[in-house]
Amino acid sequence: MTILPAPDTRASRPDLRVELALLLALATLWGASYSFIRIGVETIPPLTFIAGRTLIAGGILLAVIRWRDLSLPREGAVWKRFLLQACLNSVFPFTLIAWAEQTVDAGSAAILNATTPIFAFLITLLLTRHEAVGWRKAVGVLAGLGGTVLVIGTGSVDGIGRDLLAQGAIVLATVCYAGAAIFGRVFKGLDPIMPAAGSLLCGAALLLPVSLAVDRPWTLSPSPGSLLALAGLSVFSTALAFVLYFRLVHTIGSVPTTAQAYLRVPIGVGIGVLMLGETLEPTMLAGCAAVVLGVAAMTIPVRARP
């Protein structure tokens, strides 16, 4: 396997411009994923859709590893970490979001998922304490949570058997993503493609048997649009995005990497409006603004005083 340079060497110091560009690319790839999912689950059940997503993306990355003449780690302890990362970063959140987007539109899903850094902050404050927290981040948490309430809106109470439950599933998926970003630090010595491929293959191993038993995929008749959405989601928003994700966790850290969450809010909402013809309510726009401001307050570093 390829081992990255030690983080304290001069050669390993990241170029901030490159890392910000990769962060924007990751936000775009994951911002587009909500529209891919929304289209895909129209004719493919969520379990099978996500099983296909992890299997295709994991297979692509495994092929790239072979092409680069590398090999996945063989240590059992490493694969146990891959399995836990799979549960946090793909199996549970992917399935929850795919199920929720049967009734929640892509724009709302993107906004709700922008709360990832908020939960990363809370986990850091209450449990891991692996980095310093301050009052500005606390203000960001309050603003972000207030924005989440506005996004969900009082009208969701009318659909408590459907919309509110689905939106809650997306928020739960967001908590999983926050935990995954923090746990992802354990792979700091590995080439980013290794945890990306390993966790996706573990996710496919968990999801595929359930999909075969529950959905019987061979009996389905997916539309061409859903199949194209699955392909785009697997190749770009999963395989490529996961490699960028684990690289950024290594170079700029776990909590800063979640900053792409507020970048993907306008990207995800914009794609939903352009591709799917979705509309935005005024409260949703206000909630989006509050989430963006809150997460920005938590993740943009304070300039050091002279």
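The values are calculated or read from the model by the stated rules, or taken from the named source; none is laboratory data. All figures in this text were calculated on a predicted structure; none of them were measured in a lab. Counting neighbours? That spans all protein chains shown, and the Cβs are built from the backbone with ideal geometry, glycine included. Only protein heavy atoms, including side chains, enter the accessible area calculation; ligands, DNA and RNA are left aside. Shrake-Rupley method; radii C 1.70, N 1.55, O 1.52, S 1.80 Å.
Between 166, 173, 196, the distinction of being in contact with a Pro (Cβ under 9 Å, 6 or more places away or on another chain) and at pLDDT 75 or above belongs to 173 only.
Using the structure shown, decide if residue 96 is surrounded by fewer than 24 Cβ atoms within 10 Å (Cβ to Cβ), more than 23 Å from residue 182 (Cβ to Cβ) and at pLDDT below 95. Walk me through how you get there before you give the answer.
Values: surrounded by fewer than 24 Cβ atoms within 10 Å (Cβ to Cβ): yes; more than 23 Å from residue 182 (Cβ to Cβ): no; at pLDDT below 95: yes.
Answer is no for this residue.
Right, residue 291: open to solvent by less than 50 Å² (accessible area, probe 1.4 Å), aliphatic (A, V, I, L, M) and modelled with pLDDT of 90 or more or not? Please lay out each step first, then the result.
Working: open to solvent by less than 50 Å² (accessible area, probe 1.4 Å): yes; aliphatic (A, V, I, L, M): yes; modelled with pLDDT of 90 or more: no.
Spelling it out, it is not the case that residue 291 is open to solvent by less than 50 Å² (accessible area, probe 1.4 Å), aliphatic (A, V, I, L, M) and modelled with pLDDT of 90 or more.
Considering 141, 104, 41, 133, the condition of being at pLDDT below 95, farther than 19 Å from residue 244 by Cα and out of contact with any Leu (no Cβ under 9 Å at 6 or more places or on another chain) is satisfied by 41 alone.
From the list 220, 190, 227, the one residue that fits, being among the aliphatic types (A, V, I, L, M) and at pLDDT 95 or above, is 227. For segment 107-127, the set of residues classified as closer than 15 Å to residue 261 by Cβ, among the hydrophobic types (A, V, I, L, M, F, W, C) and in a helix (DSSP H, G or I) consists of 109, 110, 111, 112, 118, 119, 120, 121, 122, 123, listed by residue number.
What residue, among those in segment 203-251 that are part of a loop (DSSP other than H, G, I, E, B) and touching a residue at least 40 places away in the same chain (Cβ under 8 Å), is surrounded by the most Cβ atoms within 10 Å (Cβ to Cβ)? Before you say what the answer is, go through the steps one by one.
Step one: of segment 203-251, the residues part of a loop (DSSP other than H, G, I, E, B) are 215-216, 220-223.
Remaining after also requiring touching a residue at least 40 places away in the same chain (Cβ under 8 Å): 215, 220-223.
On the way: 215: 17, 220: 12, 221: 7, 222: 19, 223: 13.
Here the answer is 222.
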